[in-house]
Amino acid sequence: MAELDRVREALRASMTAWATLDVRGDQARVIPAPDIDVLSAHLERLDPQWGLTWACDSVQPPVVRVRVTLYGTVREGLATAHTLNDAKLAALADAARTWGVSTAGEPTWVEYDPEDGANTTDLDADAPLPASPAARPLPPEPPRDPQMDKARRHIEDLLEQLKVAGRGGEAARILMRGYGETLEESRAIYKELQALLKA
């Protein structure tokens, strides 16, 4: 699938930024993430109709959801990080994983300065990312289930109610694992969110 290979190559080539996930004293935990400007330039050449949308699920702690549309296929990423901008980058890295491009290894701890941020100068940002999933094409997306789409809309409606009630951060932590792969999982997540709204 040539399109998928080109998308993966664009994502790999854009992995030049760093997202700060967590700060503890003078140490920060960082992961490689796509540089948005570099990625935009690559994706514009691949698919002039591509799209990128962001949603802030929580300001404190910062939780961001990203939706990337390429060749008519939508993939999402969700992440929490030290700042909203870091959460955007981490969410983009999470979305890249859905195309089979993962960050190399575990997040790395580096020195952190409150004014200058994380010191990533010693990290080799040009190190090639692992290509393990890239060798195999992703399975075709399963046919869309209208019941799953309806369940997702119900969860999103409930999420909006939780945000208004000031419980968006707690809801985002529940949704870190997604909306569920089956109707039963989606119902369980909906019930968990409903209990949070009633609490």
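The values are calculated or read from the model by the stated rules, or taken from the named source; none is laboratory data. Remember, predicted model here, so these are calculated numbers, not experimental data. Reconstructed Cβ throughout: ideal geometry from the backbone, glycine too, with neighbour counts over all protein chains shown. Each accessible area value is taken on the protein alone, full model and side chains, heavy atoms only, with ligands, DNA and RNA left out. Shrake-Rupley method; radii C 1.70, N 1.55, O 1.52, S 1.80 Å.
Observations, loosely collected:
- Each residue, Gln161 and Lys198, gets one label point 7 Å from its Cα in the Cβ direction; the gap between the two is 1.1 nm.
- Formal net charge of residues neighbouring Tyr71 (Cβ-Cβ distance under 10 Å; K, R +1; D, E -1): -1
- Cubic angstrom per residue, convex hull over Cα atoms of the stretch 1-95: 81 Å³
- Note on the chain: helix-only mean residue ellipticity at 222 nm, from DSSP H runs of 4+ residues weighted -39500 (n - 2.57) and normalised by residue number, equals -13000 deg cm²/dmol.
- Annotation for Ala41 and Asp122: the two label points, set 7 Å from Cα along the Cα-Cβ direction, are 3.0 nm apart.
- The alpha carbon centroids of the stretch 41-90 and the stretch 151-199 are separated by 20 Å.
- Altogether, the Stokes-Einstein calculation at 37 °C and 0.692 mPa s, with the Kirkwood radius of the chain over Cα pairs as Rh, returns a diffusion coefficient of 182 µm²/s.
- Distance (nanometres) between label positions extended 7 Å along Cα→Cβ at Arg24 and His154: 4.0 nm
- Computed from the C-beta positions of Gln49 and Ala13, the FRET efficiency with R₀ = 22 Å rounds to 0.60.
- Relative contact order %, the chain, counting alpha carbon pairs below 8 Å whose residues are six or more apart: 19 percent
- Heavy-atom accessible area ranking, 1.4 Å probe, most first, across Val23, Val110: Val23, Val110
- Radius 14 Å from Cβ of Asp37, net charge of other residues (Lys, Arg +1; Asp, Glu -1): 0
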